[in-house]
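Trainee: Here it is: the structure, laid out below.
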Amino acid sequence: MIYLDNAATTKPCAEAIAGSAYAMTHAFGNPSSLHKLGIRAEELVEFSKEKIAAALGGLSREIIFTSGATEANNLALFGLSGVYGRRRRKIVTTAVEHPSVAEPAKKLREQGFEVVFVSPGADGNIGEDDLVGAVDENTCLVSAMYVNNETGHILPIEGAFARIKKLYPECILHTDCVQAFMKLPFKAKSLGADAISLSAHKIHGPKGVGALWLKNGLRISPQLLGGGQQNGLRSGTEAVPLIYSFGKTVEAMSKTLPERLAHAEDIAEYCRKRLSEIGAAINSPEEGSPYIISASVGGLKSETLLHFLEQQEIYVSSGSACSRGKKSGVLKAFGLPDAVSDSTVRISTSVSTTREDIDALASGIDSALKTLVKIKR
Ligand code: PLP
């Protein structure tokens with residue numbers, strides 16, 4: 001099997017699997033219980049908070065566990081606008097966000113906020129000046145992702161956030177770092193962010209757990225009310241096995257980040273070369289994330305190609321996994337004409353991807369080109 005869909009999800013690492021089994025076996029108590037078993041479970045939650053906070057250069061009390069990045073993004077948009085958007089009624093985001101940011105942003109617009117979706121400029125990426133220029137003294141929140149999940153574009157948030165903070169210190173800056181965390185080296189401070197969304201299953205951890213890092217001192221309006229867990233910010237019994245597994249994953253991945261990044265760069269370069277040789281057009285910028293390569297293949301419909309490759313046990317994605325065959329608005333926003341985005345596949349790699357895997361992919365695409373009927377234009 002050749003798995004090239006790591007931006008959709010990753011294979012859990014040994015540490016993740018052992019971590020969840022350990023927690024279920026040895027610490028099945030409720031972390032809110034006052035007895036020994038509860039305290040043991042609470043310790044595992046604390047362990048993970050510390051590991052994730054350390055990876056971001058933050059404090060453990062700044063971590064709020066959620067069911068994934070979708071919930072973390074919802075919490076950030078609704079929760080931060082709920083506190084900071086009472087008088088300042090404008091939100092700035094981008095036209096290339098994951099739906100878990102874009103949909104809450106649209107909902108907030110329906111609720112009366114002015115929401116600006118900044119589009120990519122002539123160079124194909126979101127412009128730093130455009131992002132900064134969209135913000136004014138009426139803006140309570142900016143939400144811009146770090147790495148785009150469909151193309152691997154790296155958005156210029158470091159520069160933009162620093163400039164926005166200087167101009168408008170009260171504006172809250174959120175970033176979805178799902179496709180960057182444990183893949184590219186960064187710290188909360190280096191990004192200049194106030195809130196960061198993370199997901200475990202994109203970094204070889206378990207599905208169903210994520211986190212929102214919220215800078216110390218900031219307030220957020222909780223979106224889940226109930227027993228008051230996590231300092232009242234996210235009620236619900238903590239998913240201890242998933243949370244501990246997340247922490248163990250981050251502990252393991254932190255140690256290997258530089259080697260994994262170097263490997264991804266090598267594979268990306270090779271993949272670009274091999275795909276170009278067979279006539280595929282690469283949509284991802286060279287300076288983007290090396291873990292994601294979006295390519296359009298000579299008029300072949302993405303889904304047809306995907307299933308053709310699947311028969312050879314090569315797994316890629318058509319655009320974004322979340323869009324499930326729906327036309328990707330994000331690829332359009334990045335300036336891809338419909339005919340190109342209709343024939344786009346996303347290849348997303350991990351440390352296990354080899355050059356031989358890329359050779360197999362290239363020859364699979366090559367035989368697809370020779371075998372399959374092309375899209376009628
Ligand atoms: N944000 C980005 C950039 C993503 O790629 C994804 C997953 O596809 C999400 C958010 C949602 O993450 P989760 O699956 O943890 O809800």
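Trainee: Answer with one residue from 261, 235, 206: the one whose Cα lies farthest towards the positive end of the charge dipole of segment 146-268, charges on Cβ with Lys, Arg +1 and Asp, Glu -1.
Mentor: Comparing the listed Cα positions along the dipole, 235 ranks first.
Trainee: Given R₀ = 45 Å, FRET efficiency for residue 170-residue 338 by Cβ-Cβ distance, to 0.05?
Mentor: Details: r = 41 Å, r/R0 = 0.91.
Efficiency, rounded to the nearest 0.05: 0.65.
Trainee: Helix 36-56: angle to the longest alpha-carbon principal axis of the chain, degrees 0 to 90, nearest 10?
Mentor: With both axes taken from Cα atoms, the answer is about 50 degrees.
Trainee: Now, a different point. Could you do me a favour and compute the accessible area per residue for the chain, 1.4 Å probe, result in Å²?
Mentor: I get 43 Å² per residue for this part.
Trainee: Which of rounded, prolate, oblate describes segment 149-280, given a ≥ b ≥ c as roots of the alpha-carbon gyration tensor eigenvalues and a/c under 1.5 marking rounded, otherwise prolate only if a/b is larger than b/c?
Mentor: Taking the square roots of the gyration eigenvalues as a ≥ b ≥ c, segment 149-280 is oblate.
Trainee: So, one more: Nearest 500 deg cm²/dmol is fine: what mean residue ellipticity at 222 nm does the chain get from its DSSP H runs of n ≥ 4 alone, each adding -39,500 (n - 2.57), divided by its residue count?
Mentor: Values: 13 runs with 153 residues, N = 377.
After summing the helix terms and dividing by residue count, I get -12500 deg cm²/dmol.
Trainee: Straight-line reach from residue 107: which aspartates and glutamates fall under 17 Å, measuring Cα to Cα and dropping same-chain residues less than 8 apart?
Mentor: Candidates past the 8-residue exclusion: 71, 97.
Trainee: Give 273/301; 165/255; 11/248; 11/183 a once-over and call out the pairs whose C-alpha atoms are over 25 Å from each other.
Mentor: Details: 273/301 22 Å; 165/255 32 Å; 11/248 15 Å; 11/183 15 Å.
Pairs exceeding 25 Å: 165/255.
Trainee: Measuring from label point to label point, each 7 Å out along Cα→Cβ, what is the residue 371 to residue 33 span in nm?
Mentor: 5.5 nm
Trainee: Looking only at segment 58-92, which residues have a backbone nitrogen under 14 Å from a spot 7 Å from the Cα of residue 219 in the C-beta direction?
Mentor: Once the point is set 7 Å along Cα→Cβ of residue 219, 79-88 turn out to lie under 14 Å by backbone N, inside segment 58-92.
Trainee: I want to verify a result. In a Gaussian network model of the chain, Cα cutoff 10 Å, which of these has the top mean-square fluctuation: 253, 24, 182?
Mentor: 24
Trainee: Residue 138 label point, 7 Å along Cα→Cβ, cut-off 12 Å on backbone N: hits in segment 97-127?
Mentor: Counting only backbone N, you get 113-116.
Trainee: Once both axes come from the Cα atoms, what is the angle between helix 157-167 and the longest principal axis of the chain, in degrees from 0 to 90, rounded to 10?
Mentor: It is inclined by approximately 40 degrees.
Trainee: If contacts are Cα pairs under 8 angstrom and at least 6 residues apart, what is the relative contact order of the chain in percent?
Mentor: The normalised contact order for the chain reaches 24 percent.
Trainee: Only Cα pairs within less than 10 Å get springs; with that Gaussian network setup on the chain, which residue of 110, 265, 62 has the largest fluctuation?
Mentor: Evaluated over the chain, the most mobile residue of the options is 110.
Trainee: Moving on. Mind checking which of 173, 10, 348 is farthest towards the positive end of the chain's charge dipole, using Cβ charges of +1 (Lys, Arg) and -1 (Asp, Glu) about the Cα centre?
Mentor: 173
Trainee: Treat every Asp and Glu Cβ in segment 27-134 as -1 and every Lys and Arg Cβ as +1, leave all other atoms uncharged, and give the resulting dipole magnitude about the Cα centre to the nearest 20 debye.
Mentor: Taking the Cα centre of segment 27-134 as origin, the dipole is about 560 debye.
Trainee: OK, next. With a ≥ b ≥ c taken as the square roots of the eigenvalues of the C-alpha gyration tensor of the chain, please select rounded if a/c is under 1.5 and otherwise prolate if a/b is larger than b/c or oblate if it is not?
Mentor: It is oblate, given that a/c is not under 1.5 and a/b is not larger than b/c.
Trainee: Return the whole-Å distance between the Cα centroid of segment 252-270 and the Cα centroid of segment 1-57.
Mentor: The two parts, judged by their Cα centres, are 23 Å apart.
Trainee: A follow-up question, please. Mind giving me the nanometre distance, one decimal, between the label points for residue 83 and residue 187, set 7 Å out from Cα along Cα→Cβ?
Mentor: Result: 2.3 nm between the two label points.
Trainee: Once both axes come from the Cα atoms, what is the angle between helix 14-26 and the longest principal axis of the chain, in degrees from 0 to 90, rounded to 10?
Mentor: Between helix and principal axis, roughly 30 degrees.
Trainee: Then there's this: Take the chain, connect every pair of alpha-carbon atoms lying under 10 Å apart with a spring to form a Gaussian network, then pick out the residue of 16, 360, 160 with the largest mean-square fluctuation.
Mentor: 360
Trainee: I've got another one for you. If you average the C-alpha positions of segment 284-298 and of segment 97-154 separately, how far apart do those two centres end up, in angstrom?
Mentor: The distance from the Cα centre of segment 284-298 to that of segment 97-154 comes to 21 Å.
Trainee: Where the accessible area of the chain is counted over protein heavy atoms with a 1.4 Å probe, how much of it, in %, is carbon and sulfur?
Mentor: The nonpolar share, carbon plus sulfur, comes to 54 percent.
Trainee: For residue 162 and residue 18, calculate 0.36 nm times their separation in residues minus their Cα-Cα distance, and state this gained length in nm to one decimal.
Mentor: Here the segment from residue 162 to residue 18 would lengthen by 47.8 nm.
Trainee: For segment 233-250, what does the Karplus curve 6.51 cos²θ - 1.76 cosθ + 1.60, with θ = phi - 60°, yield as ³J(HN,Hα) per residue in whole Hz, taken in order and with x for Gly and Pro?
Mentor: 7, 7, 5, x, 4, 4, 7, 3, x, 6, 5, 5, 4, 4, x, 5, 5, 5
The values are calculated or read from the model by the stated rules, or taken from the named source; none is laboratory data. As the structure is a computational prediction, the values presented were derived from the model and not from experiment. Virtual Cβ from ideal backbone geometry, glycine too; neighbours counted across all protein chains shown. Just the protein is used for accessible areas: all its heavy atoms, side chains included, with ligands, DNA and RNA removed. Shrake-Rupley method; radii C 1.70, N 1.55, O 1.52, S 1.80 Å.
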